[in-house]
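S.K.: Pasting a structure below so you can have a look.
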Amino acid sequence: MNQRYLTSIDELDDRFGLSRGERDQMDEVCEKFPFRTSEYYLSLIDWEARNDLLHRIVIPDPRELKGGGSLDPSSEKDLIKMTGVQHK
């Protein structure tokens, strides 16, 4: 089976008819982060439910540009007992 991927907002727009506002926001995110998803994932999204979990994971969202997060999300720095030794 040869899986097809969408790699641009143009392809997403052609397929699902995005609003101008949605498209502009997604374009802005894709200037910083590349977009790629499979047709299979897109087929699983409930496009009527804006809180659809897969939609939130797969589709670019302007909140991704706001920063936040951590370079140490699992707080490994708190587990270092001495340089080069980490307690897990």
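S.K.: Given the structure, is P34 under 20 Å from D10 (Cα atoms) and touching a residue at least 40 places away in the same chain (Cβ under 8 Å)?
M.R.: Working: under 20 Å from D10 (Cα atoms): yes; touching a residue at least 40 places away in the same chain (Cβ under 8 Å): no.
Spelling it out, it is not the case that P34 is under 20 Å from D10 (Cα atoms) and touching a residue at least 40 places away in the same chain (Cβ under 8 Å).
S.K.: Here's another thing I want to ask about it. Just the residues that are assigned to a loop (DSSP other than H, G, I, E, B), aliphatic (A, V, I, L, M) and in contact with a helix residue (DSSP H, G or I) (Cβ under 7 Å, 6 or more places away or on another chain), please, taken from region 60-88. Lay out the reasoning, then the answer.
M.R.: Step one: of region 60-88, the residues assigned to a loop (DSSP other than H, G, I, E, B) are 60-61, 67-75, 83-84, 87-88.
Then keep just the ones that are aliphatic (A, V, I, L, M); that gives 71.
Of everything in region 60-88, nothing turns out to be assigned to a loop (DSSP other than H, G, I, E, B), aliphatic (A, V, I, L, M) and in contact with a helix residue (DSSP H, G or I) (Cβ under 7 Å, 6 or more places away or on another chain).
S.K.: Could you tell me whether D78 is of a type in the set (D, E) and modelled with pLDDT of 90 or more? So that I can check it myself, show each step before the final result.
M.R.: Numbers: of a type in the set (D, E): yes; modelled with pLDDT of 90 or more: no.
No, not satisfied.
S.K.: Quick one: how many residues across region 32-59 are assigned to a helix (DSSP H, G or I), hydrophobic (A, V, I, L, M, F, W, C) and surrounded by 12 or more Cβ atoms within 10 Å (Cβ to Cβ)?
M.R.: Qualifying residue count for the region: 4.
The values are calculated or read from the model by the stated rules, or taken from the named source; none is laboratory data. Since the model is a prediction, treat every value here as computed from it, not as a measurement. As a convention, Cβ positions derive from the backbone with ideal geometry for all residues, glycine included, and neighbour counts pool all protein chains shown.
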